[in-house]
Amino acid sequence: MHDAFTPVVMSATGSNGAPNSPNPTKPKGWNLGRVIPLLGPLVLFCIWDLVVRFKLIPPILLPSPWVTLATLGNGMWGGELLKDFSYTLMRTLEAFVLASLVGVPIGILLGSNERSYRSVEFLIDFFRSTPSSALIPLFLMIFGVSDINKVAIAAFGALLIVLFNSAYGVINARKQRVMAAKVMGASRWQIFKDVLVWESLQPTFVGLRSAVSMALVIVIVAEMFIGSERGLGHRIIDSQQVMNVRDMYASILAAGGLGYALNVLFLMLEKRIVHWSGR
C-alpha cells in the first residue's frame, strides 16, 4: 500500500507493455547541405542583375546575366565558343600531361635523396616564384609563335608545382612507417616503392590539382598575347577589343566553368585513389 506522499513513478512502457522509443525516428527532410553550394552563384547573379537593372554600370560594359547565360548556351551548343573551348581544353591537357609525366618521377627521385633535392631547391623555388607571363618572351625566342609555345610555357609552370609537391611528399613521409619497414628487413628499393611512393601520393595529387589550374591560367594568358586564332583567351581579348561584351563575359564564364570542372574532377580522383590518406 502506497503512502499518500509517495511519488508516482511513470512507466517506461506503453499501454501494450512495449518500451517507449527514446529517440523516435524523424522523417527525412530536405537536405540543405546540397543546396548551400548554390547560394554563392545565386547571390552573385542576383547582385549582377540588380546592378544592370538600376544601371549602376552602363549596359555597354555589363550585359544582363540572363543575356550572358543565353550567349554562353548558344555558343557552347555547337557554336564558335565551343570550338575555342575545345582548343583551350586540349592545350591545357597537353601541358598538364607533359608536366605530370616529367614532374612526378623526377620529384619522387629527388625527394628520396634529400641532399639531391636541396642541391636544386633554390632553382625550383626561384622559377616557381617567377610569374610565368614574364617568361613568355623567352619561350617566344625558343619556340616562335606556335601552339608548341603555349603548351611549353604552360607545361613549364605546371611542372614546377608537380615536382615540388612530389618531392616534399617523399621527404615528409611518415618516419614511423619507414622505420617499421627497416625493422622488418625491407631493402632500400622496397622502402622506396612500397612506402615512399605511396606516402607521396596525397601531396602529389594536391600538386596535380594545382598544376592543372596553373596550366589553364597560363594557356589562356598565352592565347591572349601570343599570336593565336583559336582559344578562350583569344576570344576574350578579341571580344573586348570590338566591345562585344556579351561574348566576352560568356567566354569568361566558360573559362571559369572549365577551371572549376577540372578542380572537381581531380578532387574526386584524389578521394577515390588516396582514400586511405591520413590513416
What helix-only [θ] at 222 nm does the chain give? Using -39500 (n - 2.57) per DSSP H run of at least 4, over all residues, to the nearest 500, the answer is -23000 deg cm²/dmol
Check: C-alpha center region 107-141 vs C-alpha center region 197-274, spacing in Å is 22 Å
In degrees, nearest 10, the alpha-carbon axis of helix 147-171 is tilted away from the dominant principal axis of the alpha carbons of the chain by 40 degrees
Taking r as the C-beta separation of Leu101 and Gln241 and R0 as 35 Å, the FRET efficiency to the nearest 0.05 is 0.40
Lys150 neighbourhood, Cβ < 15 Å, K/R = +1, D/E = -1, net charge -2
Nearest 10, in degrees from 0 to 90: the angle of helix 114-129 to the longest Cα principal axis of the chain is 70 degrees
Short to long, in 5 Å steps from zero, the percent of alpha-carbon pairs of region 60-273 per bin is 1, 7, 13, 15, 15, 13, 11, 8, 6, 4, 3, 2, 1, 0, 0
Note on region 60-273: contact order normalised by length, alpha-carbon pairs under 8 Å, 6 or more apart, percent, works out to 31 percent
FRET efficiency (Arg53, Phe225; Cβ distance; R0 41 Å; to 0.05) is 0.70
Computed over the chain: longest principal axis from alpha-carbon atoms vs helix 201-225 long axis, angle to nearest 10 degrees, is 40 degrees
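Computed from the coordinates by the stated procedures, all read-outs in this text should not be read as laboratory data. In this text the structure is predicted, and so the values were computed from the model without any measurement. Neighbour counts are summed over all protein chains in view; Cβ atoms, including those assigned to glycine, are modelled from backbone coordinates with ideal geometry.
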